[in-house]
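Contents: one structure, followed by commentary.
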Amino acid sequence: MSSADQSRPLRQSISGETIHEIEIKRSRFIAHIRRVDSLPDAERYLGGLRKQYWDARHHCSALVIGPHGDQQRSNDDGEPAGTAGLPMLEVLRQRGLTDVIAVVVRYFGGTLLGAGGLVRAYNAAVGECLDLAPRVTRSWQQTTDLAVPITELGRVENQLRLWLDRNGGTFLGVEYGQTAIARMAISPDSLRALEAQVATVTSGAGTLALGALAVVETAA
């Protein structure tokens with residue numbers, strides 16, 4: 001991403017897949033919400049649901065993709081124009097989400113719902129499903145490496161994890177070699193504070209090596 005992208009706030013996303021069903025006048029609306037990272041990923045997921053629910057009348061979809069939600073698509077899949085895909089997409093927009101696809105599978109129950117009824121049904125199916133979906137928050141963070149003697153790793157890691165949790169940082173993991181490399185990420189604005197904490201924890205012996213700016217996800 002460019003530096004211009006880094007100046008724009010990142011949208012939230014979700015983790016995994018969530019499924020939720022509602023029934024209106026005997027029509028079943030089965031909503032699937034899933035994290036996707038590209039258009040091909042979204043298309044594969046939609047194709048899989050079409051096969052799974054091969055006997056359903058409609059497989060309506062909406063998706064938002066990209067760090068800032070710049071790619072957006074919707075499909076009514078045979079429902080009257082504007083009554084399914086677009087209302088679903090509007091829910092994703094209102095929730096401020098990206099890298100997510102919503103698919104609502106409809107089994108017709110024999111009663112016509114009318115345009116307004118369809119809009120409300122598809123809107124509700126996606127909205128209620130999103131209420132159940134775990135969210136993740138994204139932010140630009142500075143990645144760092146800290147070399148730690150393996151004999152000291154447990155103590156240093158525990159103290160740094162506690163500090164990072166309190167200060168919006170992330171402990172990314174440990175790489176083992178002759179020494180252990182503790183990988184962390186922190187907001188660029190808090191980098192000096194992390195350096196001071198490292199100095200305290202290591203009695204001045206530890207020095208952070210800076211990595212790249214990266215998008216880091218945390219549970220919302």
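Some points to look at:
- One residue stands out in segment 8-67 among those that are closer than 22 Å to Gly96 by Cα and polar (S, T, N, Q): the one that is surrounded by the most Cβ atoms within 10 Å (Cβ to Cβ), namely Ser61.
- Some residue of segment 211-219 being surrounded by 14 or more Cβ atoms within 10 Å (Cβ to Cβ), free of Cβ contacts under 8 Å to residues at least 12 places away in the same chain and farther than 16 Å from Gly154 by Cα: no
- Number of positions in segment 4-42 that are assigned to a helix (DSSP H, G or I), modelled with pLDDT under 95 and of a type in the set (D, E, K, R): 1
- Residue list for segment 136-158, filter: surrounded by 15 or more Cβ atoms within 10 Å (Cβ to Cβ) and basic (Lys, Arg): Arg138
- Residues of segment 108-128 include at least one that is within 28 Å of Ser139 (Cβ to Cβ) and in contact with a helix residue (DSSP H, G or I) (Cβ under 9 Å, 6 or more places away or on another chain).
The values are calculated or read from the model by the stated rules, or taken from the named source; none is laboratory data. Given the structure is predicted, the values throughout are model-derived calculations rather than measurements. Every residue, glycine among them, receives a Cβ derived from its backbone with ideal geometry; neighbour counts consider all protein chains shown.
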